[in-house]
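Quick notes on the structure that follows.
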């Protein structure tokens with residue numbers, strides 16, 4: 001089943017992650033995300049199940065991307081966070097109702 005994930009690309013020790021809703025989500029896939037570090041992107045792809053191994057702590061879910069579209073050349077700390085009224089900051093300093 002396909003899906004989409006929008007957030008900010010970050011470089012990690014093990015590859016790349018996308019910051020979405022205040023969480024860092026590991027990303028795997030065939031596209032080179034190095035050109036998008038620090039950018040807001042929309043990834044197409046699917047979720048891989050979280051895994052555990054030999055009593056170790058559960059690994060977070062991973063998003064397997066199959067396509068990337070740049071949304072903005074800049075990321076802000078406010079992206080994808082809700083304000084007290086349940087609106088989402090759209091990155092321009094204004095809010096849109098959810």
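The values are calculated or read from the model by the stated rules, or taken from the named source; none is laboratory data. Since we're looking at a predicted model, the values are computed, not measured. Using ideal geometry, Cβ is built from the backbone for each residue, glycine included, and neighbour counts are taken over all protein chains shown.
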task: Could you grab me the full set of residues in segment 1-20 that are touching a residue at least 12 places away in the same chain (Cβ under 8 Å) and over 8 Å from the mean Cα position of the chain (by Cα)?
output: 1, 2, 3, 4, 10, 11, 12, 14, 15, 16
- prompt: Being at pLDDT below 90, exposed (fewer than 14 other Cβ atoms within 10 Å of the Cβ) and out of contact with any strand residue (DSSP E or B) (no Cβ under 8 Å at 6 or more places or on another chain), is that true of even one residue in segment 38-49?
  reply: yes
query: Any residue at all in segment 31-44 that is assigned to a loop (DSSP other than H, G, I, E, B), more than 11 Å from residue 67 (Cα to Cα) and without any contact (Cβ under 8 Å) to a residue 60 or more places away in the chain?
result: yes
